[in-house]
Amino acid sequence: VKIRAVTINVNFRYVEGELNYLFENADVVAVMYAGRIVETGPVETIIRAPRHPYTKGLIGSIPTLTGDRDTLTPIPGAVPPLSDMPRGCAFHPRCTLADTLCQQTRPEMRAAGVSIAACHHLEAEHMR
């Protein structure tokens, strides 16, 4: 899985490479889906307790060097074209938690523990 991350603060940092590289060399990560940030937080938290369904799927699809995962779990479906985004949450066509609210209303970023995520069902996702 290839990523591109840009951090603008006092300095400008551009990282392109494997997710594992990012996880080993960053303190905070922002996860994007279809051009929008869906979750941001400390790397350790994102890896161990992802809150957004896409982040959870992304982490579940990463192979490990130790082979402690028997199978990788792909995220069903495909990313929509940016020129034809679905109404509401862009991830709803691929999300197991999606309902009518997700189809009609784009979720705002909100606190999810020490992370911030854009999902109408953060409480339900955290329980899984």
Spin-label point model (7 Å from Cα, Cβ direction): what's the Ala34 to Met109 distance in nm? 1.8
Tyr21 accessible area, 1.4 Å probe, all protein chains in place, Å² to nearest 10: 120
Which length gain, in nm to one decimal place, applies between Ser61 and Glu44 when the Cα-Cα distance is subtracted from 0.36 nm times their residue separation? 4.4 nm
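The values are calculated or read from the model by the stated rules, or taken from the named source; none is laboratory data. Everything numeric in this text was worked out from a predicted model, so none of it was measured. With ideal geometry, Cβ positions are generated from the backbone for all residues, glycine too; neighbour counts draw on all protein chains shown. We work out accessible area using only protein heavy atoms, side chains counted, and drop any ligands, DNA or RNA first. Shrake-Rupley method; radii C 1.70, N 1.55, O 1.52, S 1.80 Å.
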